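*Asks:* Here it is, the structure in full.
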Amino acid sequence: MGRFRSEKDSDYYKVLDDAINSYTWAAVVKLQERKVIDEVLGPIGQGKEAKIVLAKRHDGSYAVLKIFYPVPVRFTKSRYGYIFGDPRFRNLKISDQLHLVEIWCRKEYGNLSRAYEAGVQVPRPYGFYRNVMVMQFIGVGNMPAPRLEEVGLNNLDDPQAVFYEILKNLEKTYIAAGLVHGDLSPFNVLYDGEKPWIIDWGSAVRRGHPKEHEYLRRDVERILQFFKNPLDPHYLFKRLVERGSYRGPLDVDQEGWLLVGGKRLLDD
C-alpha cells in the first residue's frame with residue numbers, strides 16, 4: 001500500500017502550493033485509490049496553466065502529474081477555439097471556468113492517448129481525474145528531460161536526425177492519429193539525448209476542425225524555422241494534406257516513416 005498523504009501534511013502543501021486545494025487533493029487521492037499512482041514526490045516544473053509534479057507508480061517507476069491550476073483565471077477565452085469546432089465537443093456547454101479546466105484536462109488526456117495508440121513518440125498516458133493527468137516520466141533517474149528549446153539547435157549532435165524524427169511524428173499525428181497538435185514548437189518537445197518526445201497535447205484538435213489547416217501550417221512552419229531547414233513549408237504542408245486524404249492501408253517502414261500508398265512523406 002502506498003503512502004497516502006493527509007491534508008495535515010504541511011510539507012506536502014508547501015511543495016504543491018498554488019496547484020493544490022481540497023478539490024485537487026481529492027483528485028490526487030482518487031488516482032492513488034485507483035492505483036494509477038502510488039506516492040507523490042514534489043514539483044519538477046511549472047507552466048502558465050499547469051504544475052508538473054513527480055510521482056511514483058506501484059512498480060517503482062516514475063510518473064508525472066500534470067496538475068491544471070484549479071484557479072481558472074489562468075485559462076483564457078483563447079482556449080475555447082481549440083474546443084468548439086472539434087467534432088468530439090459538438091453541443092458541449094461549459095458551465096463555468098472550473099468546468100473548462102476539467103474539459104481541458106480530459107481533452108489533453110484523450111489527445112495524448114490517441115497519439116500514443118497511433119505510434120507517435122509521446123509519454124505514455126496512465127490516467128486522469130478532474131484537473132489532474134498522469135503520464136510517463138521522460139528523463140534520466142529523477143531528472144526530467146529538457147525541452148528542445150532549452151537544449152538549443154547548436155547542442156544537438158545530429159540536428160537533421162532529430163528534425164526527421166519530429167517530422168515522422170508530425171505526420172503520424174496528422175494521418176494515423178487524425179489530429180493536429182496545434183502548438184508544436186521546440187517548447188513542446190522534450191529531448192532525452194536520443195530522441196524527441198512531443199508533449200502538451202491540450203491544443204490538439206481532430207481533423208475536421210474548422211482551423212485544421214491553419215494549425216497544421218503553423219506547426220510545420222515552427223519546426224522548419226527552429227531547425228533552419230530549407231524545405232519549403234508550403235510544399236510540406238500541401239504534401240501532408242494530400243497524404244491525409246488517402247483512404248488505403250497505412251504501414252511504417254524500418255526507419256519509422258509512415259508509408260502512404262507505399263511512399264514516404266519526402267519521396268518524389
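*Asks:* Of the residues that sit in segment 219-268 and are surrounded by fewer than 16 Cβ atoms within 10 Å (Cβ to Cβ), under 26 Å from G152 (Cα atoms) and among the acidic types (D, E), which one is nearest to the chain's Cα centre (by Cα)?
*Replies:* Only one residue fits best here, namely E255.
*Asks:* Given the criteria within 13 Å of Y82 (Cα to Cα), among the charged types (D, E, K, R), assigned by TED's automatic domain parsing to the domain that holds V151 and free of Cβ contacts under 8 Å to residues at least 40 places away in the same chain, does R207 qualify?
*Replies:* yes
*Asks:* Of all residues in segment 214-268, how many are over 11 Å from E171 (Cβ atoms) and either outside any helix (DSSP H, G or I) or among the hydroxyl-bearing types (S, T, Y) (or both)?
*Replies:* 21
*Asks:* Okay, next question. Buried (at least 19 other Cβ atoms within 10 Å of the Cβ) and touching a helix residue (DSSP H, G or I) at 6+ places or on another chain (Cβ under 7 Å): is that true of P196 in this structure?
*Replies:* So P196 fits the description; yes.
*Asks:* With (1) within 26 Å of S113 (Cβ to Cβ); (2) in a helix (DSSP H, G or I) as the list, and G208 as the residue in question, which single condition is left unmet?
*Replies:* Going through (1) within 26 Å of S113 (Cβ to Cβ); (2) in a helix (DSSP H, G or I) one by one, G208 breaks only (2).
*Asks:* Whether any residue in segment 125-145 is modelled with pLDDT of 95 or more, out of contact with any Cys (no Cβ under 7 Å at 6 or more places or on another chain) and exposed (fewer than 14 other Cβ atoms within 10 Å of the Cβ) is what I want to check.
*Replies:* No; the residues of segment 125-145 include none that is modelled with pLDDT of 95 or more, out of contact with any Cys (no Cβ under 7 Å at 6 or more places or on another chain) and exposed (fewer than 14 other Cβ atoms within 10 Å of the Cβ).
*Asks:* Further question on the same structure: Using the structure shown, decide if L184 is of a type in the set (A, V, I, L, M, F, W, C), modelled with pLDDT of 95 or more, assigned to a loop (DSSP other than H, G, I, E, B) and more than 16 Å from the chain's Cα centre (by Cα).
*Replies:* So L184 does not fit the description; no.
The values are calculated or read from the model by the stated rules, or taken from the named source; none is laboratory data. Computed from a predicted structure; not experimentally measured. Ideal geometry is used to build each Cβ from the backbone, glycine not excepted, and the neighbour counts take in all protein chains shown.
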